[in-house]
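Have a look at the structure below, then the notes.
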Amino acid sequence: MSKATPITKENPFCICFVCLGNICRSPTAEGIFQHLAEERGLGSYFYIDSAGTSAYHIGEKANSRSRSVAEENGVKLKSRARQFDAADLEEFDLILAMDSSNYQDIRQLDVQNKFAEKIKMMREFDPDSKHHDDVPDPYYGGMDGFQNVYDVLYRSSAALLDQLEQRVEE
Ligand code: 4NP
């Protein structure tokens, strides 16, 4: 992420959140970040998207458990699943992997090793995680896992937006 470049309405900052299926973690991150940016009056300074490293769920809505936890918190998840591809490495300013396996899969698409700087782990921004931990995959677990994912993504997104907001120029 180039720290010097100002974020303007003409040159919005583009973020792609990435997990495995693009139905649980990354659509939740996308919805939360979009919600927070709009709440701060910064919606038009960002282009937010999400994708999955796998093709398993292409075209599906976010998982009903993810949507339900998000909606309880006033966040609507509107995305449809798509697969991350090499063109996304060019298009986005910041690509945030939910776990280390997603990170490796994204890095493998970067065959010329040109984009390492903009590919990061989501929990690098989590103020409560010192080790760039994974956002745990909630798919095969219970509702408490989905709530935990929401909480991790909320505080990580808020901290990320705090950083990026400093670069916004009206
Ligand atoms: P996500 O969760 O990567 O957070 O969207 C998963 C969704 C589906 C599967 C695994 C994880 N799956 O194996 O189908």
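Looking only at the stretch 130-170, residues that are of a type in the set (S, T, N, Q), without any contact (Cβ under 8 Å) to a residue 24 or more places away in the chain and touching a helix residue (DSSP H, G or I) at 6+ places or on another chain (Cβ under 8 Å) come to 0 in all. Annotation note: of VAL135, VAL111, the sole residue that is part of a loop (DSSP other than H, G, I, E, B), under 13 Å from ARG25 (Cβ atoms) and at pLDDT 95 or above is VAL135.
Matching residues to (1) of a type in the set (Lys, Arg); (2) in contact with a Leu (Cβ under 6 Å, 6 or more places away or on another chain); (3) more than 13 Å from LEU153 (Cβ to Cβ):
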site: SER101; (1), (2), (3): no, no, yes
site: GLN104; (1), (2), (3): no, no, yes
site: ARG107; (1), (2), (3): yes, no, yes
site: ASP110; (1), (2), (3): no, yes, yes
site: LYS114; (1), (2), (3): yes, no, yes
site: MET121; (1), (2), (3): no, no, no
site: PHE125; (1), (2), (3): no, yes, no
site: LYS130; (1), (2), (3): yes, no, yes
site: ASP134; (1), (2), (3): no, no, no
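If the condition is being in contact (Cβ under 8 Å) with a residue 24 or more places away in the chain, away from the ligand (no atom under 12 Å from the Cβ) and either under 16 Å from the mean Cα position of the chain (by Cα) or at positive phi (or both), then the stretch 84-115 contributes ASP85, ASP88, LEU89, GLU91, PHE92, ASP93, LEU94, ILE95, LEU96, SER100, ILE106. Looking across the stretch 37-68, the residues that are of a type in the set (A, V, I, L, M, F, W, C) and within 16 Å of the chain's Cα centre (by Cα) come down to ALA37, PHE46, ILE48, ALA51, ALA62. Taking the stretch 1-51, which residues are more than 16 Å from ILE95 (Cβ to Cβ) and in a helix (DSSP H, G or I)? Correct list: THR28, GLY31, ILE32, GLN34, HIS35, LEU36, ALA37, GLU38, GLU39, GLY43, SER44, TYR45.
The values are calculated or read from the model by the stated rules, or taken from the named source; none is laboratory data. This one's a predicted model, so the numbers in the text were calculated from it and none came from an experiment. Cβ coordinates were reconstructed from backbone atoms using ideal geometry, including for glycine residues, and neighbour counts include every protein chain displayed.
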